[in-house]
Amino acid sequence: MRGISVTHFGETESFIEVPSGAWVFESNGITPDHNRWAGVSFMLGGPQTRRDLSETRILIEDPAEYGLDNPHTIVSITLTFDRTLEFRLGDTTTDGRHHYGQITGFPQLFLIADTWGEVVSRLAKEPPYPKYYVIRDPKSIEEFNLFPTTDDPDSDPAQLSFTKKNGEWVVTDYLVSADPHPVDVSKWEKILPLLSRPEGMKIHRHKVEDRDYTEWGIGDNSLSIEMRFRGVSESGTNYVDGVLLIIGDKSEEGDYYYALNSQEGSMQPVLLLPAQWVDTLSGLYDEIPYANR
């Protein structure tokens, strides 16, 4: 496989394999979330299908009978040598365990496992973006932390922490004191939208197989930026999650910083974060927006 495109009720998302072997969103080159993407290419390479071997109907005579005249999900798989394979998913069978399906160009009726159809259709209706790329509602942000560059990450207490207490934001400079202070609301309201997502980020390298990021100035002693936010699990449970970005050197042009998302994964990509975004947030350590100061 070289490419995957999924259309579900008019929403389309496409993925391609880049020369390094990584799979990325075709529209922006972002690597999908590792936990969501793991196993997807395997599933698409060998879906749980079986033909309807009924003696009375081997070929599809009326696509509308199975919801295949207007399929809710179309999966197009690009193969080597410019070959394409397209699955069309129609109605659910009466037992609820399969979808009626058809491979474009072939008249046979297939039964495709419902779990396969749900996982595939979700790629379009809920694209598997990594947490650091998802746009957050600023109101969902609960905490923002800055960990400055340090010579001794194990013992250095330096940390600037902005937290929401009873709906009001306070800031604590742990290098000075553990006591929080109110923030200047007018200044903080200009910062808060930046925590939704570093707009304009790019991928510099999709795979670093040896997980050695020192080439880009990324290590345990690097500046780190953390956003923590409220979320709701698939089961409806509320929780607090977060994104920790480890900042490295500036790019040669000076308009980006190399960075790494600390989330666990087999091979994390090297990110490019806009320099203005990083400089604005890291600059809060030098000019802490205290209220009434």
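The values are calculated or read from the model by the stated rules, or taken from the named source; none is laboratory data. Bear in mind that the values here come from a model prediction, so they are computed numbers and not experimental data. Cβ atoms come from the backbone with ideal geometry, glycine included; neighbour counts cover every protein chain shown. In case anyone asks, the SASA skips ligands and DNA or RNA and just uses the protein heavy atoms, side chains included. Shrake-Rupley method; radii C 1.70, N 1.55, O 1.52, S 1.80 Å.
Annotations
- Near the amide H of Gly217, within less than 5 Å, lie the amide hydrogens of Asp249, all on another chain or at least 5 residues away, with H placed in the peptide plane.
- Here region 75-230 exposes an accessible surface that is 48 percent carbon and sulfur, computed with a 1.4 Å probe and the other protein chains kept in place.
- For region 236-252, Karplus couplings with θ = phi - 60° (6.51, -1.76, 1.60), whole Hz, Gly/Pro x: x, 7, 7, 8, 10, 10, x, 10, 10, 10, 9, 9, x, 6, 6, 5, 4
- The chain, accessible area per residue, ligands and nucleic acids excluded (1.4 Å, Å²): 55
- Per-residue HN-Hα couplings for region 192-202 [Karplus 6.51, -1.76, 1.60; θ = phi - 60°; Hz; x = Gly/Pro]: 3, x, 5, 7, 5, 4, x, 4, x, 5, 9
- For the chain: relative contact order, % (alpha-carbon pairs under 8 angstrom, 6 or more apart): 15
- Per-residue Karplus couplings for region 272-279, computed as 6.51 cos²θ - 1.76 cosθ + 1.60 with θ equal to phi - 60°, are listed in order as 10, 9, x, 4, 5, 5, 5, 5 Hz, Gly and Pro entered as x.
- Pairs of lysine residues in the chain that meet both criteria, 8 or more places apart or on different chains and Cα atoms under 26 Å apart, total 22.
- Per residue, the convex hull volume that the Cα atoms of the chain enclose (Å³): 167
- Inter-label distance for Val119 and Val240, nm, one decimal - labels placed 7 Å from Cα along Cα-to-Cβ: 3.4
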